[in-house]
Every structure is written in C-alpha cells, then in structure tokens.
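In what follows, a single structure is set out as structure tokens and then discussed.
Quick note: the coordinates plus some simple rules give every number you see, no bench work behind them. Everything numeric in this text was worked out from a predicted model, so none of it was measured. A quick note on method: Cβ atoms are made from the backbone with ideal geometry, for glycine too, and the neighbour counts reach across all protein chains shown.
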Amino acid sequence: MRLRRKHRLIRAYRKGRELTCVQNHTSQIKKNDVLLVCTLRNERIRLPYFMKYYRDMGVSHFLFVDNDSDDGSREFLIGQEDVSIWHTTASYRKSLFGVHWMNALARKYCHGHWTLTVDVDEFFVFPFSDTRPIPALTDWLDNSGLRSFSAMLIDMYPKGPIDAQPYVDGQNPFEIAEWFDSGNYMLSTNWEYENLWIQGGPRARLFFHNDPINAPSLNKIPLVKWDRSYVYLHSTHMLLPRRLNKVYDSHGGEMASGALLHAKFLNTFVQKTEEELKRRQHYAGSREYLAYSSRIKDDPDLWCNWSEKYINWRQLEILGLMSKGNWA
C-alpha cells in the first residue's frame with residue numbers, strides 16, 4: 001500500500017503540470033480555514049448557488065480545476081477573492097477523472113486544513129447542519145482525534161419528467177429535485193482498502209436494474225484533514241493511507257456521518273448526458289452515461305410510489321442514511 005500511495009503521489013505531481021494557474025489567491029488562506037477542491041466543466045448555471053451554499057456553510061477558500069469550460073464558468077469565477085482557479089485542456093479520463101489534478105492541488109495547498117472535495121452538483125449535509133457550520137463539525141472531529149468524515153451520496157430528483165421544470169441561474173436545485181429513494185441500498189466492505197461500498201437509489205433501480213453490480217457507488221469520504229502524504233484513489237470513494245477509510249464502527253456502534261445531496265437530475269441533465277457521450281471522458285467508456293441516455297429517452301420520470309420527499313438531516317438519520325454518532 002505504501003508503494004501504491006507513492007505511485008499515486010508521483011502521478012499527481014506529473015499531472016499537476018497539466019494545470020495552468022488562472023487566478024491564485026491561496027496566499028489569503030488562513031491557518032484554520034476550511035477549503036474546498038473541485039473539478040468542473042461547463043457548470044456556469046450551477047455555480048452561483050453552489051458558491052453561496054458553501055460560503056454559508058463556512059468554506060473559506062475554493063480551489064477549482066476548470067477542464068476547458070466554454071460556457072462562461074471560468075469567467076464567472078475570475079475576480080472572486082476567495083477563489084483560486086487552474087485551467088487545463090488535458091484529458092479528464094487520463095487524469096483519473098480529475099483525481100490526479102485534485103490530489104496535486106490538495107498536496108500543495110491543503111496540508112493541515114480540513115478540505116472538502118465535491119462536485120458542483122453535490123451538497124454536503126451533516127448532523128446539525130441546519131444550525132451549525134462546517135467549522136463546528138471539524139472542531140468536533142479534531143477534538144475526537146478523527147481525520148476523515150464520510151457522506152453517503154443521495155440522488156435527488158423531481159416528481160415527474162426531469163425536464164419539465166427548467167433550472168434557473170442561482171436557484172436552489174432542491175426546490176425542483178425534492179425526492180429521493182429512502183431504501184433499496186446495498187452495502188458491502190472492500191477488504192483491500194477497508195472502506196464501505198454502497199450502491200442503490202434511483203440509478204440502480206432504473207438505469208442498472210439488470211446489472212446492479214455495476215451501479216454507481218454512493219460511498220464517499222469528502223471531508224479530510226489533509227496531509228501532503230494523502231491521496232484519493234477513485235473519486236472520493238477511498239483514500240490512502242487506508243486508516244482514513246475506517247469511517248464506520250465495525251463493533252456494532254455508529255460513527256457520525258453525513259450525506260451529499262446529489263442534484264444531478266435536473267433539466268440540464270439531458271444536455272449534459274449528450275455532451276459527455278460525445279466526449280467519452282468518463283469511466284468505462286462512459287458506460288454510466290450510455291445507461292442514462294437509453295432510459296431517459298424512454299421515460300424521463302425517476303419518481304416512484306416509494307419515493308420520499310426530503311425534509312432535513314434528521315429525516316436521513318431516522319432512515320439510517322446518516323448518523324450523529326456521539327456528537328450531541
């Protein structure tokens with residue numbers, strides 16, 4: 001594992017050379033600031049609410065990799081004082097779907113900081129997040145001697161066709177995508193890396209019902225007290241060293257965990273699917289997007305009789321999709 005981690009660090013260093021700095025405000029980062037790292041492409045319409053959400057949650061600085069957007073995403077971010085931006089035209093697929101780029105930035109700028117690594121359509125919630133910001137959570141994690149925090153990805157969707165209601169610039173996406181699957185989740189343990197593996201939700205139910213083993217994984221470890229020796233291996237599903245993946249209690253108890261509300265299924269999803277099928281830059285020849293395209297053309301409604309309308313984090317705790325553990 002040590003050699004594997006060293007290899008990933010070398011890859012991150014080399015792939016980091018593909019990044020050209022557009023705006024560097026990292027000198028403004030303070031000792032206890034919570035940072036956010038994100039790779040994006042053509043997400044201009046989502047950025048205003050994304051930035052507001054995470055600023056309100058206590059993120060102090062954003063580090064973006066822009067993978068050659070042509071919709072004004074980069075131009076929107078330029079000039080914002082709490083934002084640093086790197087641009088690249090290199091292959092997203094060959095960067096391990098952005099992982100090498102984000103590891104490179106985290107190694108250089110995030111050492112010693114609690115760092116949140118998310119996509120632009122992922123919104124972090126955690127116990128008491130309606131009244132406490134992320135720094136309150138990270139203070140508790142520090143006091144508990146913890147360096148990583150897990151969050152299950154929960155796919156959100158509207159009731160009715162996903163293209164029925166247009167999403168507008170700056171809008172809270174969960175005014176449209178209010179529903180989620182409260183059950184049908186499968187959980188196993190990856191013994192090699194000691195992380196949990198979770199699958200299910202509407203993508204398994206609708207897009208991969210004939211091939212559930214290849215359904216997208218929903219386990220994430222997005223919040224980490226970063227060290228320059230750490231690396232993500234595959235998205236934010238797992239890290240090295242392996243101890244960072246032990247975000248669950250194997251003795252029958254419960255450790256605190258959160259959720260990432262996934263606002264993927266808006267009317268913008270149809271256009272995004274078409275774009276990604278042309279680019280073929282995603283995992284396994286964009287297998288996931290091929291499944292999306294085939295199903296959405298026939299029936300763009302993800303809602304079913306067992307769908308549940310989202311209320312708050314306490315609802316997710318009751319359903320067993322997150323836990324406050326011993327954080328009171």
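Here the dipole of the range 103-145 is about 260 debye; that uses its Cα centre as origin and unit charges on the Cβ of Lys and Arg (positive) and Asp and Glu (negative).
Computed from the Kirkwood radius of its Cα pairs, the Stokes-Einstein diffusion coefficient for the range 43-187 at 25 °C and 0.890 mPa s stands at 141 µm²/s.
Listed values for the range 162-171 are Karplus-derived 3J(HN,Hα) couplings in whole Hz (6.51 cos²θ - 1.76 cosθ + 1.60, θ = phi - 60°), namely 5, 9, 6, 10, x, 7, 10, 3, x, 6, and x replaces Gly and Pro. Sparse packing (at most 13 other Cβ atoms within 10 Å of the Cβ) combined with a DSSP loop state is found for the following trypsin sites (Lys or Arg not before Pro) in the range 1-71: Arg17, Lys30, Lys31.
Were the residues from Lys309 through Glu192 laid out at 0.36 nm apart, the gain over their Cα-Cα distance would be 38.5 nm. Relative to the Cα centre, the charge distribution of the chain, modelled as +1 at Lys and Arg Cβ and -1 at Asp and Glu Cβ, gives a dipole magnitude of about 1680 debye.
For the range 27-129, the set of GluC sites (Glu not before Pro) satisfying both a DSSP loop assignment and a count of at most 14 other C-beta atoms within 10 Å is given as Glu81. Gain on full extension, evaluated as 0.36 nm per residue between Asp139 and Leu319 minus their Cα-Cα distance, stands at 62.2 nm.
Of the peptides 199-207, 64-72, 235-243, the ranking by mean beta-carbon count within 10 Å, highest at the top, reads 199-207, 235-243, 64-72. Using R0 = 41 Å, the C-beta based FRET efficiency linking Phe128 and Thr20 works out to 0.55. Taking all C-alpha pairs of the chain, those more than 39 Å from each other amount to 7 percent. Each helix, a run of at least 4 DSSP H residues, gives -39500 (n - 2.57); summed and divided by the residues of the chain, these come to -8000 deg cm²/dmol at 222 nm.
Dipole of the chain computed with +1 at Lys/Arg Cβ and -1 at Asp/Glu Cβ about the Cα centre; of Phe269, Met152, Gly201, farthest Cα towards the positive end is Met152. Going down the table (Lys52/Lys159; Lys31/Lys264; Lys6/Lys225; Lys264/Lys324), which pairs top 22 Å between alpha carbons? Over 22 Å Cα-Cα: Lys52/Lys159; Lys31/Lys264; Lys264/Lys324.
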